[in-house]
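Let me begin by presenting the structure, written as structure tokens, before commenting on it.
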């Protein structure tokens, strides 16, 4: 390791690029990893010279593949077809934007009905800190997610502690196995794409952006590391803005659900619906979704159901 020069490191990356069909993004990850190895060696006193990876240039390679973000319309459809506990797991991913490991590490004791604290992450069987210190934080819980979580808690025996999503053995739920065995088959049957858990995180950012939420507020909700000094100074104001932003998403979710049902009903009808019929259809559909553990119905629907 002490004999490695920048030239040697660059040649190593070039050799990897020639042997493997890797995109430029993957080669960048390899460079970042190797740089971390040399940085650790320097801290341990194994290496006294400069980090040889710093000036390494990436070899020519194909561009990275396109990344995907789920739309709110797709997510509404997903939540309507998935069984439990897959529906709750997807709802958590959709409405928190948490990373896969963070979702597995969520605890009941860190959920108060209004927000959920991200304090740890689980990778395979290892429990550790989140990706970065800035990744720790509270995420506002909107009404749609609250409904999923409370009904999931009731089905689980009303626990007050432990993992929110757990296996029958009490361990963090294996989200990869859940996707393979339950989610992907359900999506294929409904002709929905599966782009992985991180697509929900991108989806939240995209959906909030569509609603006109400022970028710095989206950064706080997603707990990105590159938070500016200005944001740190106005952290209380930004926290309030984050809650407002998630409330806006909450309202838009309900509107999207109603719109999808009304459009479907209108297309299948030979005669146009009058206003009273539209309202009736909208309320009935919202109530049905609530029963399917989808979305919180309006006060009028609740009143009509409970009286």
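The values are calculated or read from the model by the stated rules, or taken from the named source; none is laboratory data. Small disclaimer: the values here were computed from a predicted structure and weren't measured. Every residue, glycine among them, receives a Cβ derived from its backbone with ideal geometry; neighbour counts consider all protein chains shown.
Observations on the structure shown:
- Flag if residue 149 is more than 14 Å from residue 100 (Cα to Cα), surrounded by 14 or more Cβ atoms within 10 Å (Cβ to Cβ) and in contact (Cβ under 8 Å) with a residue 24 or more places away in the chain: yes
- Residue in the stretch 43-64 that is surrounded by 15 or more Cβ atoms within 10 Å (Cβ to Cβ), closer than 16 Å to residue 187 by Cβ and either assigned by TED's automatic domain parsing to the domain that holds residue 135 or without any contact (Cβ under 8 Å) to a residue 24 or more places away in the chain (or both) present: no
- Taking the criterion of being more than 25 Å from residue 83 (Cα to Cα) and buried (at least 19 other Cβ atoms within 10 Å of the Cβ), the only residue of the stretch 122-134 that qualifies is 130.
- If the condition is being assigned to a helix (DSSP H, G or I) and modelled with pLDDT under 95, then the stretch 106-144 contributes 133, 134, 135, 143, 144.
- Residue 138 falls short on exactly one of the conditions (1) without any contact (Cβ under 8 Å) to a residue 12 or more places away in the chain; (2) under 15 Å from residue 109 (Cα atoms); (3) within 20 Å of the chain's Cα centre (by Cα), and that condition is (1).
- Taking the stretch 91-121 as the range and being surrounded by fewer than 21 Cβ atoms within 10 Å (Cβ to Cβ) and either at positive phi or under 10 Å from the mean Cα position of the chain (by Cα) (or both) as the test, the residues that pass are 100, 113.
- For residue 9: the one exception among (1) in contact (Cβ under 8 Å) with a residue 60 or more places away in the chain; (2) in a helix (DSSP H, G or I): (1)
- The residues of the stretch 65-90 that are surrounded by 14 or more Cβ atoms within 10 Å (Cβ to Cβ), part of a helix (DSSP H, G or I) and under 17 Å from the mean Cα position of the chain (by Cα), listed by number, are 72, 74, 75, 76, 77, 78, 79, 86, 87, 88, 89, 90.
- Scanning the stretch 171-188 finds one or more residues that are surrounded by 16 or more Cβ atoms within 10 Å (Cβ to Cβ), in contact with a strand residue (DSSP E or B) (Cβ under 7 Å, 6 or more places away or on another chain) and either assigned by TED's automatic domain parsing to the domain that holds residue 87 or over 18 Å from residue 84 (Cβ atoms) (or both).
- If the condition is being out of contact with any helix residue (DSSP H, G or I) (no Cβ under 6 Å at 6 or more places or on another chain) and within 20 Å of residue 6 (Cα to Cα), then the stretch 45-71 contributes 45, 46, 48, 49, 50, 54, 57, 60.
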